[in-house]
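What follows is a single structure, and I will ask about it in a moment.
Each value in this text was obtained by applying a stated rule to the coordinates, not by laboratory testing. In this text, all values refer to a predicted model and were calculated from it rather than measured experimentally. Positions of Cβ are generated from backbone atoms using ideal geometry, with glycine treated the same way; all protein chains shown enter the neighbour counts.
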């Protein structure tokens, strides 16, 4: 392998083998979560944390979390609710966090992790109508909007994307 070649990347469930101490995305709350809380949340099954690593390097390049959530039917846009059963809560998957180490940003790793989350949601045997995200700031909201995420409430940074739309992305 030449020195300039990129080592193979993989996304795996967070474990004790991952060295999280040096992870710095530039957003302290996301960095602190990975360093101090993600392992506990994974063990307690509150959220699954997935990390992007290069080859056998234990330092995460980035990470995201997935957890079960629900969307109040009344919060969804009316054109979508016409096609849904009248349950008060619609099952969804929450992508609670997504962060890339500052030294690795602007290389497409955010998109890689987002599509990995899409793929896991599509393969999941538990029903989920949509993926929900809570964008930390306007830059994050713009990132998600590029992938057709829709605000749950006009002007909100809580966004969602129906799994049926995700399936269309993978079908093309």
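With runs of 4+ DSSP H residues as the only contributors, calculate the mean residue ellipticity of the chain at 222 nm using -39,500 (n - 2.57) per run, divided by the residue total and rounded to the nearest 500.
That calculation yields -7500 deg cm²/dmol at 222 nm.
Which order results if 63, 109, 144 are arranged by neighbouring Cβ count within 10 Å, fewest first?
Numbers: 63 26, 109 18, 144 23.
Listed from fewest to most nearby Cβ atoms, that is 109, 144, 63.
What distance in nm separates the simple spin-label points at residue 119 and residue 148, each placed 7 Å from Cα in the Cβ direction?
Going from the residue 119 label point to the residue 148 one covers 1.9 nm.
Compute the helix-to-body angle for 109-123: its Cα long axis versus the longest principal axis of the chain, expressed 0 to 90° and rounded to tens.
Taking the Cα atoms of the chain, the angle to 109-123 is about 50 degrees.
With a cut-off of 8 Å between alpha carbons and a minimum separation of six or more residues, what is the relative contact order of region 58-172 in percent?
Result for region 58-172 is 25 percent.
Taking 0.36 nm per residue of sequence separation and subtracting the Cα-Cα distance, how much length would be gained by fully extending the chain between residue 36 and residue 134, in nm to one decimal?
33.3 nm
Need one number: nm distance between label points at residue 157 and residue 55, each 7 Å from Cα along Cα→Cβ, rounded to one decimal.
With each label point 7 Å from Cα toward Cβ, the separation is 3.7 nm.
How far is the Cα center of region 40-85 from the Cα center of region 96-172, in Å?
9
Taking square-rooted eigenvalues a ≥ b ≥ c of the alpha carbon gyration tensor, is region 122-172 rounded, prolate or oblate, where a/c under 1.5 means rounded and, failing that, a/b exceeding b/c means prolate?
prolate
Report for region 67-172 the percent antiparallel among DSSP-assigned beta bridges with both residues inside it, nearest 5.
Once the DSSP bridges in region 67-172 are tallied, antiparallel ones form about 75 percent.
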